[in-house]
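*Asks:* First, the structure itself, so that you have it in front of you.
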Amino acid sequence: MKNIFKGTKSVIFLTILILSSCSTPNKVACPSFDSGKGLKNKRYKSGIKTFNVRKVFSLKKGHNYKREKMSNLNFIDDQSSDLPTEEFNSFASSEEINSHDLGHSNFDLIEQNQHQEHKVANSNKLYLKKQIKPINATSSPHIKKVFEKKNTFNKNQDTSIYEKSKRKEAIIKGGAIILMALLAGISIPALGTTTASVGLVAILLLDVLISIGIIRYYRKEKPNLAKTTGFLRILYSAIFGIGIGYHIVGNVGLFNKFWSLGLIAFGFHLIALGILFNNEGGKKWVNYTIKSLLIIAGIGYTLLNVGLLFTANPVAFTALIQPIFTVPQIVGEVLFALWMIIKGGKSENI
């Protein structure tokens with residue numbers, strides 16, 4: 001019985017010793033529940049502040065300084081883990097305050113730097129605007145000159161192309177008038193023959209070609225008058241074509257009547273052509289000579305053929321009027337044709 005009492009007493013004594021050793025967490029760094037909880041909370045809060053401080057220093061100083069700060073803070077946390085609970089609590093609270101103040105101060109520095117950067121950017125914009133204004137003022141006339149040169153170049157190029165085409169048209173038209181005069185000299189004396197019929201058809205085709213050439217040649221200078229002049233010659237060609245049809249069937253009398261009727265329209269065509277003609281910057285006496293001869297020849301054709309068709313004695317009327325207009329009729333058309341071949345379509349003329 002005594003042995004059982006002694007054993008129980010020793011067990012109780014050992015239990016009291018163990019409990020007394022574990023109930024003093026403030027003096028001994030014992031891994032108690034309360035001390036572990038407080039340490040965990042303090043370290044958790046310290047970790048949040050550490051993250052904020054790390055963020056500030058990473059924005060402010062860059063990656064290298066960030067690494068140094070992270071190592072220092074980890075060192076502080078490692079040191080604080082070895083401290084007692086009360087000392088660690090005071091140390092953590094002081095670190096929280098310092099980190100909080102440090103974060104605010106660094107954010108203030110960042111805001112100041114951003115404000116300074118905005119000021120510098122605005123000043124740079126104002127400087128650039130001041131520099132751009134004189135550049136625009138000096139460059140705009142230069143740009144205008146460049147565009148003017150380009151436009152003049154394009155205009156010159158267009159005019160050169162137009163002059164080349166106009167020159168070709170003038171040569172074709174002048175050559176057609178000369179060839180038509182030669183065919184008329186061959187065909188008219190041989191009226192009533194097959195040779196005359198072939199020659200008259202060729203003259204008709206050349207007349208149509210000349211009509212189109214006149215419209216195209218003067219389409220930019222005087223388009224309305226050019227169309228009128230060409231239309232009058234086409235009208236003459238249409239009436240002349242009807243007369244050629246009668247000539248082919250052997251009725252020379254009707255051919256002469258239709259030809260005379262067509263020559264009235266041809267006379268008006270020559271008057272309009274004399275008004276339309278322009279020496280294009282050449283000598284004035286050449287311009288006035290050709291214009292006058294064409295107008296006089298047109299009046300002569302109109303009067304002679306009106307007399308042949310509508311007077312009682314056409315032979316006497318023709319004998320009276322024809323000597324006055326024969327020279328202008330021949331010389332006017334020939335000079336016009338030669339001028340077209342030699343100088344037509346050129347920028348500088350005689």
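The values are calculated or read from the model by the stated rules, or taken from the named source; none is laboratory data. All of these numbers come straight from a predicted model, not from anything done at the bench. Glycine also receives a Cβ, built like all others from the backbone with ideal geometry; neighbour counts cover every protein chain displayed.
Yes or no, residue by residue, for (1) at pLDDT below 95; (2) hydrophobic (A, V, I, L, M, F, W, C):
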{"position": "ARG216", "(1), (2)": "yes, no"}
{"position": "ASN224", "(1), (2)": "yes, no"}
{"position": "LEU235", "(1), (2)": "no, yes"}
{"position": "ALA238", "(1), (2)": "no, yes"}
{"position": "GLY243", "(1), (2)": "no, no"}
{"position": "GLY253", "(1), (2)": "yes, no"}
{"position": "ASN279", "(1), (2)": "yes, no"}
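*Asks:* May I pose another question? Tell me which of these GLY344 doesn't satisfy, since it passes every other one: (1) within 21 Å of GLY267 (Cα to Cα); (2) assigned to a loop (DSSP other than H, G, I, E, B).
*Replies:* (1)
*Asks:* Out of the residues in the stretch 304-319 that are exposed (fewer than 12 other Cβ atoms within 10 Å of the Cβ) and of a type in the set (A, V, I, L, M), which is nearest to GLY174 (Cα to Cα)?
*Replies:* The extreme case among them is ALA319.
*Asks:* Mind listing just one residue for me: the one in the stretch 225-258 that is free of Cβ contacts under 8 Å to residues at least 12 places away in the same chain and touching a Phe, Trp or Tyr at 6+ places or on another chain (Cβ under 9 Å) and, of those, surrounded by the fewest Cβ atoms within 10 Å (Cβ to Cβ)?
*Replies:* Going through the qualifying residues, I end up with GLY253.
*Asks:* Only one residue in LEU335, LEU270, LEU276, LEU294 is more than 21 Å from LYS227 (Cα to Cα) and either surrounded by fewer than 18 Cβ atoms within 10 Å (Cβ to Cβ) or not acidic (Asp, Glu) (or both), so which one is that?
*Replies:* One residue alone meets the criteria, LEU335.
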